[in-house]
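Working notes, structure below.
The values are calculated or read from the model by the stated rules, or taken from the named source; none is laboratory data. Here the structure is a predicted model, which is why all the values come from computation and not from measurement. All Cβ positions, glycine included, derive from the backbone under ideal geometry; neighbour counts span all protein chains shown.
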Amino acid sequence: MDITFTENIPEKHAYYNLFKTTGWQTTAEAADLMLALHNSWLTLSVYDQEYLVGFGRVVSDGVMYAMVYDLIVRPEYQGKGIGKAILEKLINRCKMQGIQQVQLFCAKGKIHFYERFGFQIRPEDAPGMQLNFS
């Protein structure tokens, strides 16, 4: 493995194919995903030579709040420290910027991964809601 990290946004089809490995339910097409990436505050792409194997991004106001989205590692590359490295780099950039709070949505079964970095489950009576349009 020759793993490299870059803040460059990946090629559209490479990212779409990586995104599809998650099994997340979405109607977003490749062009939609690219628009989301371009509107992000920070993106981090991970390659094994030229092959996109991981990705993570942050949406933020750059001052107070940041939200980690789309932390993805190809299934065959999981368990090799790539997800950990992505999250550490994203968190460190938020700290360097002075952002006060980093939030995220966690995929089913991944809570313990994020707890190792200090993320805490919000109490049931804490504010936080969502509205889905699909």
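Summary table
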| read-out | value |
| --- | --- |
| Subset of region 25-45 [over 15 Å from VAL68 (Cβ atoms) and among the hydrophobic types (A, V, I, L, M, F, W, C)] | ALA28, ALA30, ALA31, LEU33, MET34, LEU35 |
| Any hit, region 116-126, residues being among the polar types (S, T, N, Q) and either loosely packed, with under 10 Cβ neighbours inside 10 Å or more than 16 Å from LEU18 (Cβ to Cβ) (or both) | yes |
| Qualifying residue in region 57-77 (condition: closer than 25 Å to MET1 by Cβ, part of a loop (DSSP other than H, G, I, E, B) and at pLDDT 95 or above) | yes |
| Search result, residues across region 1-36 that are within 24 Å of ASN92 (Cα to Cα) and in a loop (DSSP other than H, G, I, E, B) | ASP2, GLU7, ASN8, ILE9, PRO10 |
| Matching residues, region 37-56, being touching a residue at least 24 places away in the same chain (Cβ under 8 Å) and not in a strand (DSSP E or B) | LEU37, HIS38, SER40, TRP41, GLN49 |
| TYR77 over 18 Å from GLY118 (Cα atoms) and aromatic (Phe, Trp, Tyr) | yes |
| Sole residue being out of contact with any Asp or Glu (no Cβ under 6 Å at 6 or more places or on another chain) and at positive phi, chosen from GLY79, GLY56 | GLY79 |
| Residues satisfying the stated conditions in region 88-113, i.e. free of Cβ contacts under 8 Å to residues at least 24 places away in the same chain and not in a loop (DSSP other than H, G, I, E, B) | ASN92, LYS95, MET96, ILE111, HIS112 |
| Every residue from region 67-115 that is of a type in the set (Gly, Ala, Ser) and either surrounded by fewer than 13 Cβ atoms within 10 Å (Cβ to Cβ) or touching a helix residue (DSSP H, G or I) at 6+ places or on another chain (Cβ under 6 Å) (or both) | GLY79, GLY81, GLY98, GLY109 |
